[in-house]
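J.: Before we start, here is the structure in question, set down as structure tokens.
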Amino acid sequence: MRKGLFFSLLVLSILGGWKGDACGQFYENFGEDYMQQENLVDEVDMIAGEIKVIEANFPTRVSIRDPEIAEVSKVSEREIVVTAQMKGMTRLVFWDKVGKHEYLLKIFPTDTAYINDQVKQIIKDLELDNVYTK
């Protein structure tokens, strides 16, 4: 039970960007300025190539900070379709009849090799001899 909990926290720390010595790479890759404001907006985790549909109520304006990381591929009366392009973070902001909506889009790489390498590094840093990845 304890090992399972530890491993779960380890994986969550990588995917969620937990700020620690072993997980500092997340902050270097994605930028500290996003993380300082992270709690002000809704977060959407995506994998490069993934498509997400975000509900809207007759959007009048849509803005995305970095279209190289994610792009708005379709806007209709009831939804906004976002496509993850590459690893990184960007903000999606749109206005509709309800008001202003902000999302922090976290895009992770498509291959699991990146995550596996991060887990291996954390295991090594923590000197966990009996823990390994496949």
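The values are calculated or read from the model by the stated rules, or taken from the named source; none is laboratory data. In this text the structure is predicted, and so the values were computed from the model without any measurement. So basically every Cβ, Gly included, is an ideal-geometry build from the backbone, and we count neighbours across all protein chains shown. Note: accessible area is taken over every heavy atom of the protein model, side chains too, but ligands, DNA and RNA are not part of it. Shrake-Rupley method; radii C 1.70, N 1.55, O 1.52, S 1.80 Å.
J.: So which residues in segment 53-77 are assigned to a loop (DSSP other than H, G, I, E, B), farther than 27 Å from Y114 by Cβ and either open to solvent by 80 Å² or more (accessible area, probe 1.4 Å) or hydrophobic (A, V, I, L, M, F, W, C) (or both), if there are any at all?
T.: Passing the criteria: A56, F58, T60, E77.
J.: Just the residues that are modelled with pLDDT under 95, closer than 18 Å to G99 by Cβ and either touching a strand residue (DSSP E or B) at 6+ places or on another chain (Cβ under 6 Å) or polar (S, T, N, Q) (or both), please, taken from segment 29-54.
T.: Matches in segment 29-54: V41, D42.
J.: Check whether at least one residue in segment 42-51 is among the charged types (D, E, K, R), more than 14 Å from the chain's Cα centre (by Cα) and in a loop (DSSP other than H, G, I, E, B), and report yes or no.
T.: no
J.: If you take the residues in segment 78-102 that are outside any strand (DSSP E or B) and either touching a Lys or Arg at 6+ places or on another chain (Cβ under 7 Å) or of a type in the set (K, R) (or both), which one is nearest to V44 (Cα to Cα)?
T.: K87
J.: Assess whether I64 counts as being of a type in the set (A, V, I, L, M, F, W, C) and farther than 30 Å from Y132 by Cβ.
T.: Yes: the conditions hold for I64.
J.: On to the next question. Restricting to segment 78-122, and then to whatever is farther than 29 Å from I54 by Cα and in contact (Cβ under 8 Å) with a residue 40 or more places away in the chain, can you tell me which residue is most open to solvent (accessible area, probe 1.4 Å)?
T.: Going through the qualifying residues, I end up with Q121.
J.: Please go through segment 123-132 and pick out each residue that is free of Cβ contacts under 8 Å to residues at least 40 places away in the same chain and either exposed (fewer than 14 other Cβ atoms within 10 Å of the Cβ) or under 22 Å from K52 (Cα atoms) (or both).
T.: K124, E127, D129, N130, Y132, listed by residue number.
J.: State all residues of segment 37-80 that are more than 16 Å from L104 (Cβ to Cβ) and of a type in the set (S, T, Y); if no residue qualifies, say none.
T.: T60, S73, S76
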